[in-house]
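Q: For reference, the structure I am asking about is given below.
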Amino acid sequence: MITWRSIARTFQRNHAPLRAQVRHLSLLEHHSYNLLKEFKLPVPPGFLVTTPEQAKDIVSEINGPSVIKAQVLAGGRGKGKFNSDGKSGVRMVNSPNEAFNSATNMIGYNLTTAQTPADGLRVDKLYVYKAVSIAREFYLAMTFDRQHTSPVLLISSSGGTNIESNVDKLHKLRFGISTGITDEIDAYIQAELGFSDTEMKDIHRILVQMLKLFKEKDATLVELNPLVRTEDGEFICLDAKFGFDNAARYRQQEIFALEERSPDEEEEYQLGKLGVSYVRLEGNIGNIVNGAGLAMATNDLISLYGGKCANFLDVGGGATKEALSRGLEILKNDQRVKGILINIYGGIVRCDMIAEAIVSAATEMGGFKCPVVVRLQGTNFEKGLKMVEQSGLENLVVEAEFEKAAQMVVKQTPPVGV
């Protein structure tokens, strides 16, 4: 069955980048640490802070070199940059005052990484822990190999921020969910990564506990990166990432209660409850359409005439007043949006009903401050366009032809960045 999500994925592959869709629950790092501790996996003692003063106090208690990490749902923090001081989202500090200064430039500012939107994600929480002396870094993960319908173990001698540039060092070992970590898997890992017998016993214990977590918590991903060996020979997990199957929400309520969403994800979540499909893009022309195919065509046509879309917003075949109102509210509150195209085909619903909903919603919001082009086609479209045209709302124009409507909104919207 073709759905708006499959069409959105096609659009993502061939057009301006879409923000990755949330299909599995992910946790912020401090929640991940707590989960690791629950399954007796080694982590350094750490503390969550929300103010620079708290960061200063924690580092004073630690009384030694410490690490401060931004808490956002995105990878690549160590190579990311804050819009405050240009420094990364993972910082080493050596004194309470240094912790205070770093936290001051992190809390309340946006961090941009390779996995965030272009304008980054706002950071409101930091995780602080005592620094450890690292001898080696490893990458260790469990996930699913969907091609072979099997769980798979991923392990590499090159962990941390270097994993993405060293995929040739990544070993993939499929295993049975019931047989687990076998002697053969242990032997392969020890031979390839050069662990001593003592080290391999520690690695085996970590793998067994990872698998227990993987199964008991309905995980789709358990990733330890980096898993480090300290100068003292201990293995400690310094970062973790999880994914959990949304279908398991009913039996994993404690985990799903930890869910946190970025502002974009919260918008998508709330709209989804109304049957509205929303994806944030990187442009400045907002659009509201009914039907995934029409949404894709609208994005294409706007791009063809030199515009850039700010979103992919499908209010569904019914296009109810509530859905239209919420969609318009999202676009009105999006500071990037400098023009809007409402493109509705009245097949399931009548265009005069759509027009009434548009006028009513716009009136309740106090009108539009940016140019809005309304294109209606289908049942009673002429009546609907007339209703919109006679509404008296400023910055609102109508056009029955799809191509002309796209040209019109591009012409009336300033270029991105202006």
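The values are calculated or read from the model by the stated rules, or taken from the named source; none is laboratory data. Just so it is clear, the structure is predicted and the values come from calculations on it, not from any experiment. Virtual Cβ from ideal backbone geometry, glycine too; neighbours counted across all protein chains shown.
Q: Would you tally the residues in region 398-410 being more than 34 Å from the chain's Cα centre (by Cα) and surrounded by fewer than 16 Cβ atoms within 10 Å (Cβ to Cβ)?
A: Within region 398-410, the first condition is being more than 34 Å from the chain's Cα centre (by Cα), and the residues that meet it are 398-401, 404.
Those still in the list that are surrounded by fewer than 16 Cβ atoms within 10 Å (Cβ to Cβ) too: 400-401, 404.
Residues that pass the stated criteria total 3.
Q: I've got another one for you. Strands (runs of 3 or more DSSP E) wholly in region 42-155 with at least 1 residues that are surrounded by 15 or more Cβ atoms within 10 Å (Cβ to Cβ), among the polar types (S, T, N, Q) and touching a Leu at 6+ places or on another chain (Cβ under 9 Å) - which ones? Show your work before the answer.
A: Details: elements: 46-49, 66-70, 90-93, 110-112, 126-130, 134-145.
By residue number, 110-112, 134-145.
Q: A further question follows. I need the full set of residues from region 354-377 which are surrounded by 15 or more Cβ atoms within 10 Å (Cβ to Cβ) and part of a helix (DSSP H, G or I), in order please.
A: Answer for region 354-377, where residues must be surrounded by 15 or more Cβ atoms within 10 Å (Cβ to Cβ) and part of a helix (DSSP H, G or I): I354, A355, E356, A357, I358, V359, A361, A362.
Q: Taking the criterion of being in contact with an Asp or Glu (Cβ under 9 Å, 6 or more places away or on another chain), modelled with pLDDT under 95 and over 18 Å from K69 (Cβ atoms), would at least one residue in region 111-118 satisfy it?
A: Step one: filter region 111-118 for residues in contact with an Asp or Glu (Cβ under 9 Å, 6 or more places away or on another chain), giving 112, 114, 117-118.
Next cut, modelled with pLDDT under 95 only: 114, 117-118.
Still in the running and over 18 Å from K69 (Cβ atoms): 117-118.
Within region 111-118, one or more residues are in contact with an Asp or Glu (Cβ under 9 Å, 6 or more places away or on another chain), modelled with pLDDT under 95 and over 18 Å from K69 (Cβ atoms).
Q: Just one of the numbered conditions (1) farther than 30 Å from L213 by Cα; (2) part of a loop (DSSP other than H, G, I, E, B); (3) of a type outside the set (D, E, K, R) is not true of L313; which one?
A: L313 satisfies every listed condition except (2).
Q: So for region 318-339 (the condition being more than 20 Å from R280 (Cα to Cα) and either free of Cβ contacts under 8 Å to residues at least 24 places away in the same chain or part of a loop (DSSP other than H, G, I, E, B) (or both)), does at least one residue qualify?
A: Scanning region 318-339 turns up at least one residue that is more than 20 Å from R280 (Cα to Cα) and either free of Cβ contacts under 8 Å to residues at least 24 places away in the same chain or part of a loop (DSSP other than H, G, I, E, B) (or both).
Q: May I pose another question? Condition first: within 21 Å of V132 (Cβ to Cβ) and among the small types (G, A, S). Now tell me which residues in region 77-99 satisfy that.
A: G78, S88, G89, S95, A99
Q: Same structure, new question: Tell me whether region 390-403 contains one or more residues that are assigned to a helix (DSSP H, G or I), within 23 Å of D300 (Cα to Cα), out of contact with any Pro (no Cβ under 6 Å at 6 or more places or on another chain) and of a type outside the set (D, E).
A: Restricting attention to region 390-403, the residues satisfying the condition of being assigned to a helix (DSSP H, G or I) are 402-403.
Retained after the next criterion (residues that are within 23 Å of D300 (Cα to Cα)): 402-403.
This time we only want the ones that are out of contact with any Pro (no Cβ under 6 Å at 6 or more places or on another chain), so: 402-403.
From what's left, of a type outside the set (D, E): 402.
Checking region 390-403: at least one residue is assigned to a helix (DSSP H, G or I), within 23 Å of D300 (Cα to Cα), out of contact with any Pro (no Cβ under 6 Å at 6 or more places or on another chain) and of a type outside the set (D, E).
Q: From (1) over 23 Å from G367 (Cβ atoms); (2) of a type in the set (S, T, Y); (3) surrounded by fewer than 22 Cβ atoms within 10 Å (Cβ to Cβ), pick out the condition that doesn't hold for Y345.
A: (3)
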